[in-house]
Each structure stands twice: as C-alpha cells, then as structure tokens.
C-alpha cells in the first residue's frame, strides 16, 4: 500500500520520518527493500509530537472524520458499530480520502488538485 502511494506521487526521491517503534521500523525496512529509488529515512525522537507535527495533526483530523462517519452510520441505520465490524477499515480509508479530496488548504487547492491538476 505504501509503495503504491509512493508510485502515485510520481517522485523518485522520498524522505520518510519515523520513530523507533518496532512495527514502524518493520514497515520502513519493507518499503526500503522494494522501493527502487532513493529513500531517506529520518528517525525522530520517541514521544516527540513536535517533530511529527503535521503528521500528528493529519491523524487527528482523519480520526475525527472517521468518528463523524461512524456516528452518521449509526444514526442513519439505527445500528451500533463495534470494533470487530469489517466497516472500520473502510471508514478510516474513506475519511482520509475525503479529507485529501475535498479539504481546501490555504493555497486554495486540495491535496488532490496539487497532485493531479497539471496532468
């Protein structure tokens, strides 16, 4: 999934920032193993949200959007979603997709427009 995203970005050089969490180290090593181009990996200090500020803020935004989608589903269909339901991965992906596709940034463009406008 990460390599597919990197290819979608159409760049050959990337910089990944990651802390030393074992699961994340494994993911970074896997990406390095299959990415044929330059990949710079910067290790950030543990528990340092300042060094990952933009990423942490994006996670917070997507998490809130996913909760909003969950509440709308529960209200509209009269059901209670629990953590074992298969809809959760979709909710998270759809929240991220919606944010990237429709959130207008200060430059008056969405992330989607920045990526695909000139193509």
Filter the range 25-61 for residues that are in the same structural domain as residue 100 (by TED's automatic domain parsing) and either under 14 Å from residue 4 (Cα atoms) or modelled with pLDDT of 85 or more (or both) and give the result. 57, 58, 59, 60, 61
In the range 14-22, is there at least one residue being part of a loop (DSSP other than H, G, I, E, B), touching a strand residue (DSSP E or B) at 6+ places or on another chain (Cβ under 9 Å) and either exposed (fewer than 10 other Cβ atoms within 10 Å of the Cβ) or in contact (Cβ under 8 Å) with a residue 24 or more places away in the chain (or both)? yes
Yes or no: the range 96-112 includes at least one residue that is in contact with a strand residue (DSSP E or B) (Cβ under 9 Å, 6 or more places away or on another chain) and assigned to a helix (DSSP H, G or I). no
Given the criteria in contact with a helix residue (DSSP H, G or I) (Cβ under 9 Å, 6 or more places away or on another chain), free of Cβ contacts under 8 Å to residues at least 60 places away in the same chain, part of a helix (DSSP H, G or I) and loosely packed, with under 13 Cβ neighbours inside 10 Å, does residue 67 qualify? yes
On the given criteria, is residue 56 more than 21 Å from residue 103 (Cβ to Cβ) and without any contact (Cβ under 8 Å) to a residue 60 or more places away in the chain? no
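The values are calculated or read from the model by the stated rules, or taken from the named source; none is laboratory data. A quick note: this is a predicted structure, and the numbers were derived from the prediction, not measured. No Cβ is skipped: glycine too gets one built from the backbone with ideal geometry, and neighbour counts run over all protein chains shown.
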